[in-house]
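Everything on this sheet refers to the single structure shown next.
Coordinate-derived values only; no laboratory data. The shown structure was predicted, so the numbers you read here are calculated from the model rather than taken from an experiment. A quick note on method: Cβ atoms are made from the backbone with ideal geometry, for glycine too, and the neighbour counts reach across all protein chains shown.
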């Protein structure tokens, strides 16, 4: 397999990111117009970064981090996300991606990283556990 490269995602990448996120979790399709709208209107005081990952010249993942104003967050929590095309779910790659985005988020000096994935994504769950993330809860969304 070829190496994965990462690059910042711009507003013009919203549709591509939306497509990648939909391939990552097809039961929760992402709308490209709504994705761009959210990217254009990050909440006041929030900091964020978005990235696309490519392998062999093809986009395979969307990654990001976001946090609110530290003055309003005593725990200084920062959310990290990895949306990897399901056809690419390999333990080593998934772990690499969570580690990669976690490292970028840590540059913000958070007190806590929060990660989310579906309970039906065992490779994601195993990778997060291998990196030291602890499962704090579960929720049903419909």
Checklist outcome for this item: With only helices counted (DSSP H, runs n ≥ 4, each -39500 (n - 2.57)), the per-residue ellipticity at 222 nm for the chain, to the nearest 500, works out to -9500 deg cm²/dmol
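Taking Cα atoms of the chain, Rg/Rh with Kirkwood Rh, to two decimals? Please list the in-between numbers first.
Values: Rg = 14.7 Å, Rh = 15.7 Å.
Ratio value, two decimals: 0.94.
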Checklist entry - Quick one: Cα centre-to-centre distance for the range 1-32 and the range 66-135, in angstrom? => result 16 Å
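Sort 111-123, 90-102 by packing, meaning the average of other beta carbons within 10 Å per residue, with the highest value first. Intermediate results must be reported in sequence, preceding the final value.
Details: 111-123: 15.0, 90-102: 18.1.
With the highest mean Cβ count within 10 Å placed first, the list reads 90-102, 111-123.
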Checklist entry - In percent, how large is the relative contact order of the chain, given Cα pairs closer than 8 Å and 6 or more residues apart? => result 20 percent
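Within a 10 angstrom radius of the beta carbon, how do 2, 18 rank from fewest other beta carbons to most?
Values: 2 9, 18 20.
The most exposed by this proxy come first: 2, 18.
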